[in-house]
Amino acid sequence: MTPLLIFTDIDGTLIDFATYSFAETARTVKVVLARHIPLILCSSKTRTEQDSLRQALAISDPFIVENGSAIFIPPDTFPFPFAHRWVAGWQVIELGVAAATIQAALTTVRQETGLVFQGYADLSPAEVAHKTGLDRIAAAQAQQREYSETIVTPLSTEALTRLEAALAQRGLSIVSGGKFYTVMGAGSDKGRAVAHLTALYRQKLGHIVTIGLGDSANDRPLLSAVDRPYLVQKPGGVWQAMEDVDVERVAAVGPRGWRLVVERELDPTRR
């Protein structure tokens, strides 16, 4: 059987959109890990947030942070040299720019455009907790951004267009993650990170089949970069518009859709 490699978004996909619970998917995750199938988290979440979830689910595979801004790889994952730098014991492939650079650019953009918006860096952990529904510890982890900034202010179409243009002039981009917006370096891209990590695994394992699961617009690059892309439903039983990507739409919301897809992929007779 051809080895599988699973790339998954987190919020609204692996975990519940509103409660952040992984109760629906935990048992299936255990089966995936027991079969030694790499399970790669690929999300707008920070290294600290993702590492907490990895520990809770006993995942030890590499993970992609802040919408493709960096790939964190446990030592000895790949038995050959590759370009990286060391960060707190991780082998890290950086595709994005520093959060401090992004925050400085946002300050300038506010001054030049008159646009009014707030990011995580402008809020206290208590305020982030209130806006997100996270507890204060998780809210503080969400603020520990190394390669991006999260904008929590709702933006009109006109304001978003102006902000996109101003950021593009500074080599930055902005994407919607469902609840909020993520500002990051133009080189940050879930699909680029997925392709980079897939190449390393193919060098290690030979032929593999890649599976991708997501629910939102910022998952489009991820889903475009895998062999079998799946789009789970958002709350309310609707799908994110994604006509430009040939995805399989799963008729189940978030984690339930995730579980159904992965269980089917684990059983070839059900494909």
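Would you check which residues across region 133-147 are in contact with a strand residue (DSSP E or B) (Cβ under 8 Å, 6 or more places away or on another chain) and not small (Gly, Ala, Ser) and list them?
Answer for region 133-147, where residues must be in contact with a strand residue (DSSP E or B) (Cβ under 8 Å, 6 or more places away or on another chain) and not small (Gly, Ala, Ser): Glu146, Tyr147.
Among the numbered criteria (1) modelled with pLDDT under 95; (2) over 19 Å from Gln203 (Cβ atoms), which one does Arg54 miss?
(1)
Evaluate the following for Leu167: is it crowded, with 22+ Cβ neighbours inside 10 Å and either over 18 Å from Asp11 (Cβ atoms) or in the same structural domain as Phe80 (by TED's automatic domain parsing) (or both)?
no
If you take the residues in region 222-271 that are touching a Leu at 6+ places or on another chain (Cβ under 6 Å) and under 16 Å from Ala18 (Cα atoms), which one is surrounded by the fewest Cβ atoms within 10 Å (Cβ to Cβ)?
So the residue we want is Ala252.
How many of the residues in region 38-53 are touching a residue at least 40 places away in the same chain (Cβ under 8 Å) and assigned to a loop (DSSP other than H, G, I, E, B)?
4
For region 190-271, list the helices (runs of 4 or more DSSP H) that sit wholly inside it and hold at least 3 residues that are under 22 Å from Ala34 (Cβ atoms); which are they?
Fully inside region 190-271 and qualifying: 190-205, 254-266.
Among what's in region 54-72 and is free of Cβ contacts under 8 Å to residues at least 60 places away in the same chain and touching a Leu at 6+ places or on another chain (Cβ under 9 Å), pick the residue that is surrounded by the most Cβ atoms within 10 Å (Cβ to Cβ).
Phe63
The values are calculated or read from the model by the stated rules, or taken from the named source; none is laboratory data. Small disclaimer: the values here were computed from a predicted structure and weren't measured. Don't worry about glycine lacking a Cβ; one is built from the backbone with ideal geometry, like all the others, and counts go over all protein chains shown.
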